[in-house]
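Visitor: Input: one structure, supplied below.
The values are calculated or read from the model by the stated rules, or taken from the named source; none is laboratory data. If you're wondering where the values come from, they're calculated on a predicted model, not measured in any experiment. Cβ atoms come from the backbone with ideal geometry, glycine included; neighbour counts cover every protein chain shown. Just the protein is used for accessible areas: all its heavy atoms, side chains included, with ligands, DNA and RNA removed. Shrake-Rupley method; radii C 1.70, N 1.55, O 1.52, S 1.80 Å.
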Amino acid sequence: AINNADMCVFSGPDSAVDNLKKQFEKQGIFVRILHTSHAFHSIMMDPILGEFERAFEHVTLKTPQIPYISNLTGDWIRDDEATSHRYWSSHLRSTVRFADGLGKLLKESDYAFLEVGPGNSLKNFARKNAVRVGMAGRPIESSLRHPKENASDTVYLYSALAKFWTQGLNVDWKGFPGKSPRSGRKIGLPL
């Protein structure tokens, strides 16, 4: 996985990872071992690729209705990719091109970015990439707290929403839970 220009994840058999870790540490390169159940995106996934593709045999894949960036290519998904069983099995085996895809979104749009899931790793990658491509200041938030944070999930989510709103993003207040719709009006408060 290539997450930033200066940060990636490598995977493989424990002995290969350990050897590479030692080589990097000799060069003064920081390495942290991730705690995962499998070496995804490596040659170690090869034995299950056929079975994974066969699981799709009775699934009809359709062209996407909403455009999105492929982690496999770092570019907009093409219809022929989205409807290919082989394309989806490649996700298990190939490099994740997160930085490329994020860079494309940062350069081509004025989107806000929301990490959906626990933690803030992708939010941090997005902020670093935004600085790298000269797009710092983009609204980038997380929807759920990190599992080690001691905070209310509801408060954390509402805080992210409030940050987006205070940065000028429109909020569909009719879709917001509560007894009465919010006006969406900003009110100046005393300092």
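Visitor: Of the conditions (1) in contact with a Leu (Cβ under 7 Å, 6 or more places away or on another chain); (2) closer than 20 Å to W76 by Cβ; (3) polar (S, T, N, Q), T95 fails just one. Which one is it?
Guide: That leaves (1) as the condition not met.
Visitor: Next question. Could you tell me which residue of segment 17-49 is least open to solvent (accessible area, probe 1.4 Å), considering only residues that are part of a helix (DSSP H, G or I) and closer than 26 Å to W88 by Cα?
Guide: Among those that are part of a helix (DSSP H, G or I) and closer than 26 Å to W88 by Cα, it is M45.
Visitor: Right, S89: in contact with a strand residue (DSSP E or B) (Cβ under 8 Å, 6 or more places away or on another chain), closer than 19 Å to A1 by Cβ, open to solvent by less than 60 Å² (accessible area, probe 1.4 Å) and among the hydroxyl-bearing types (S, T, Y) or not?
Guide: no
Visitor: Which of (1) out of contact with any Pro (no Cβ under 7 Å at 6 or more places or on another chain); (2) open to solvent by less than 90 Å² (accessible area, probe 1.4 Å); (3) not polar (S, T, N, Q) is the odd one out, the single condition W76 does not satisfy?
Guide: (1)
Visitor: Restricting to segment 7-16, and then to whatever is surrounded by 11 or more Cβ atoms within 10 Å (Cβ to Cβ) and either touching a Cys at 6+ places or on another chain (Cβ under 8 Å) or not small (G, A, S) (or both), can you tell me which residue is farthest from T73 (Cα to Cα)?
Guide: Filtering segment 7-16 for residues that are surrounded by 11 or more Cβ atoms within 10 Å (Cβ to Cβ) and either touching a Cys at 6+ places or on another chain (Cβ under 8 Å) or not small (G, A, S) (or both), the one farthest from T73 (Cα to Cα) comes out as P13.
Visitor: If I ask for residues that are open to solvent by 30 Å² or more (accessible area, probe 1.4 Å) and aliphatic (A, V, I, L, M), which ones from segment 93-106 would you list?
Guide: L105
Visitor: Residue check: is S84 closer than 26 Å to F10 by Cβ and either open to solvent by less than 40 Å² (accessible area, probe 1.4 Å) or among the β-branched types (V, I, T) (or both)?
Guide: No: the conditions fail for S84.
Visitor: For segment 1-58, what are the residues that are among the basic types (K, R) and within 28 Å of G103 (Cα to Cα)?
Guide: K21, R32, listed by residue number.
Visitor: When residues of segment 121-147 are filtered for being within 22 Å of A1 (Cβ to Cβ), at pLDDT 85 or above and outside any helix (DSSP H, G or I), how many remain?
Guide: 7
Visitor: Being in contact with a Pro (Cβ under 7 Å, 6 or more places away or on another chain), at pLDDT 85 or above and open to solvent by 80 Å² or more (accessible area, probe 1.4 Å) is the filter here, so list the residues in segment 164-191 that pass it.
Guide: Q167
Visitor: On to the next question. Among the listed residues E57, E53, which satisfies the condition of being surrounded by fewer than 13 Cβ atoms within 10 Å (Cβ to Cβ) and over 16 Å from the mean Cα position of the chain (by Cα)?
Guide: E57
Visitor: Checking the conditions here, which among V96, V31, V17, V116 is of a type in the set (A, V, I, L, M), under 19 Å from N3 (Cα atoms) and without any contact (Cβ under 8 Å) to a residue 12 or more places away in the chain?
Guide: Step by step, each of V96, V31, V17, V116 is checked, and only V31 is of a type in the set (A, V, I, L, M), under 19 Å from N3 (Cα atoms) and without any contact (Cβ under 8 Å) to a residue 12 or more places away in the chain.
Visitor: Looking at segment 50-62 only, could you name the residues that are within 21 Å of I77 (Cβ to Cβ), in a loop (DSSP other than H, G, I, E, B) and in contact with a helix residue (DSSP H, G or I) (Cβ under 9 Å, 6 or more places away or on another chain)?
Guide: If the condition is that a residue be within 21 Å of I77 (Cβ to Cβ), in a loop (DSSP other than H, G, I, E, B) and in contact with a helix residue (DSSP H, G or I) (Cβ under 9 Å, 6 or more places away or on another chain), then F56, V59, L61, K62 are the ones that fit.
Visitor: A further question on this structure: Residues of segment 156-177 being charged (D, E, K, R) and part of a loop (DSSP other than H, G, I, E, B), which ones?
Guide: Of everything in segment 156-177, just one residue is charged (D, E, K, R) and part of a loop (DSSP other than H, G, I, E, B), namely D172.
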